[in-house]
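To start, the structure itself, in structure tokens.
Values quoted throughout were computed directly from the atomic coordinates according to the rules given, and no laboratory measurement underlies them. Only a predicted model underlies this, so the values are computations on that prediction, with no experimental measurement involved. Cβ coordinates were reconstructed from backbone atoms using ideal geometry, including for glycine residues, and neighbour counts include every protein chain displayed.
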Amino acid sequence: MTGIAAPERDIVSWEDLDRLVDDLARQLSGRDFDVMLAITRGGMVPAGMLAYRLRLRDILVAAVEYYDDTGQHGPTPTFFQFPADPLLRGKRVLIVDEVWDSGTTIQAVTERVRQAGGIPVTAVLHYKPARSAVPDRPDVHAVETDRWVVYPFKAGL
């Protein structure tokens, strides 16, 4: 039987996740943030873990997807939930997601934070430079990879 080979995978355990978040916390130590902005859904767990390590209590959520008129992945973002501008204006905002794949989602969130008058810093567990479709890169990341990453909080999907 011939077929397309499945992509190589990185299976992340809860212990691995803890180490990755710890790495981000070390890289961010000494920097002050006024608020954390977690990107749903993948960024929620690492953002919560990172918030404890950085002693951040003010955590906001951005829910964004890319859809076209037919409901398929499209070129422009749809923000289902995003903090009001006054919550971001003049604030140092730590934006957290689990992975920077194409980078389009976190870039859209970052731009929206800038438009609101916030000062964004991006942090992701995994950065995939070969897949990135945007010129930027995360300010902080724990691992560079081109593999498919499976997180423990997504197990069983």
* To do: Under a 10 Å cutoff between Cα atoms, tell me which one of Ala116, Ala62, Ala51 has the largest fluctuation in the Gaussian network model of the chain.
  => Ala116
* Structure fact -> Ranked output for segments 97-105, 79-87 by mean other Cβ atoms within 10 Å, highest leading, reads 97-105, 79-87
* To do: Report the charge-dipole magnitude of the chain in Debye, nearest 20, computed about the Cα centre from +1 at each Lys and Arg Cβ and -1 at each Asp and Glu Cβ.
  => 400
* Structure fact -> Correct response: the longest run of the chain lacking exposed trypsin sites (Lys or Arg not before Pro), defined by DSSP loop and at most 15 other Cβ within 10 Å, is 90-130
* Asked: Under a point spin-label approximation (7 Å from Cα along Cα-to-Cβ), what is the Val134-Lys154 distance to one decimal in nm?
  -> 1.7
* **Anisotropy class of segment 12-55 from Cα gyration tensor, a/c 1.5 cut** => oblate
* When DSSP assigns beta bridges and you keep just the ones with both residues in segment 14-121, what percent turn out antiparallel, to the nearest 5? -> 25
* Principal axis dimensions, largest first and in whole angstrom, of segment 108-157 by Cα -> 39, 23, 18
* **For the chain: relative contact order, % (alpha-carbon pairs under 8 angstrom, 6 or more apart)** => 26
* Along the charge dipole of the chain, Cβ charges K/R +1 and D/E -1, which of Ser13, Thr110, Val150 sits furthest on the positive end? -> Thr110
* Structure fact -> A student applying the Cα gyration tensor rule (rounded when a/c is under 1.5; otherwise prolate if a/b is larger than b/c, oblate if not) would label the chain oblate
* Dipole of segment 20-66, Cα-centred, from +1 at each Lys and Arg C-beta and -1 at each Asp and Glu C-beta, to the nearest 20 debye? -> 140
